[in-house]
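Participant: My questions will all concern the structure given below.
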Amino acid sequence: MNVRQLSISGAFEFTPRQFLDDRGMFLEWFKADEFAATIGHELDLQQANCSTSRRGVVRGIHFSDVPPGQAKYVTCVRGAVLDVVVDIRVGSPTFGAYDVVRLDDVDRRAVYLSEGLGHGFMALEDDSTVMYLCSTGYAPAREHGIHPFDPDIAIDWPTDVTPIVSEKDEQAPSLALAKERGLLPSMADVDVYLAGLSKPN
């Protein structure tokens, strides 16, 4: 497994080794020991999600209150998506910045984003299937969104396809408005929470 730290702290790209023969392909898309060695704590798996999207569908930018937040380990098992991690932690030196990783069924990369980060993606092909492991279960009262086309974030989404956005995501506030409303996690709160996860038992 090859691991790359993204430019935003708490975000990593994992590229697995694929074993190919005349029967097909095998890979290990998540390894708990390598994950813990990289991140500094184990992934407390509480929920596993799967979504399929047609070309152009945009999902996100989504995030959860911290604590406890929701860390995600994301991969695309069919098709291709442009996966985006946004730093929405107030007080972070990279606040408002984002990282982009192409997830597809060729390189079969995965992206990990820690608690306190925003996440979204655009499907680049029909029937793109995304699977993600989550550190907490879905809790509607703690879930929030940022408009995926917020000009202040200015994500470089592909322009060769008409984006398809849910009504909920279309009505999500800008990053600035979410900050004004007190919806965003602070870097200090995230650091305290993550420090607790890293403590030895």
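Participant: Applying the Karplus parametrisation 6.51 cos²θ - 1.76 cosθ + 1.60 with θ = phi - 60° to the phi angles of the stretch 77-94, what ³J(HN,Hα) value in whole Hz is obtained for each residue in order, glycine and proline being reported as x?
Facilitator: Using θ = phi - 60°, the values come out as 8, 8, x, 7, 9, 9, 8, 10, 10, 10, 7, 10, 7, 5, x, 6, x, 10 Hz.
Participant: To continue, here is another question. Calculate what fraction, in whole %, of the accessible area of the stretch 1-97 sits on carbon and sulfur atoms when a 1.4 Å probe is rolled over the protein chains.
Facilitator: The computed percentage sits at 49.
Participant: What are the semi-axes of the equivalent ellipsoid of the stretch 32-146, taken as the square roots of 5 times the eigenvalues of the Cα gyration tensor, listed largest first and rounded to whole Å?
Facilitator: One finds semi-axes of 21, 17, 14 Å for the stretch 32-146.
Participant: Lysine pairs in the chain 8 or more apart or on different chains: how many have alpha carbons under 25 angstrom apart?
Facilitator: For the chain, qualifying lysine pairs total 6.
Participant: As a test of understanding, state the convex hull volume per residue of the stretch 113-201 from its alpha carbons, in Å³.
Facilitator: Once divided by residue count, the hull of the stretch 113-201 is 145 Å³.
Participant: To continue, here is another question. Keeping all protein chains in place and using 1.4 angstrom, which order do Arg17, Arg142 fall into by accessible surface area, from largest down? Don't skip to the answer; put the middle values down first.
Facilitator: Values: Arg17 165, Arg142 70 Å².
In descending accessible area the options line up as Arg17, Arg142.
Participant: Can you tell me the convex hull volume per residue for the stretch 6-82, based on C-alpha atoms, in Å³ to the nearest whole number?
Facilitator: So the per-residue hull volume is 149 Å³.
Participant: Under 16 Å from a point 7 Å along the Cα-to-Cβ line of Ser174: which residues of the stretch 77-102 have their amide N that close?
Facilitator: The answer is 96-97.
Participant: Further question: Which of the peptides 135-141, 146-152 is most tightly packed, and how do the rest follow, going by the mean number of other Cβ atoms within 10 Å of each residue?
Facilitator: Taking the mean over residues of other Cβ atoms within 10 Å, the ranking is 146-152, 135-141.
Participant: Okay, moving on. Per residue, how large is the accessible surface of the chain? Use a 1.4 angstrom probe and give square angstrom. Working shown, then result.
Facilitator: Numbers: 10080 Å² over 201 residues.
On a per-residue basis, 50 Å².
The values are calculated or read from the model by the stated rules, or taken from the named source; none is laboratory data. What you see is a predicted model; the values in this text were computed from it and never measured. A quick note on method: Cβ atoms are made from the backbone with ideal geometry, for glycine too, and the neighbour counts reach across all protein chains shown. Note: accessible area is taken over every heavy atom of the protein model, side chains too, but ligands, DNA and RNA are not part of it. Shrake-Rupley method; radii C 1.70, N 1.55, O 1.52, S 1.80 Å.
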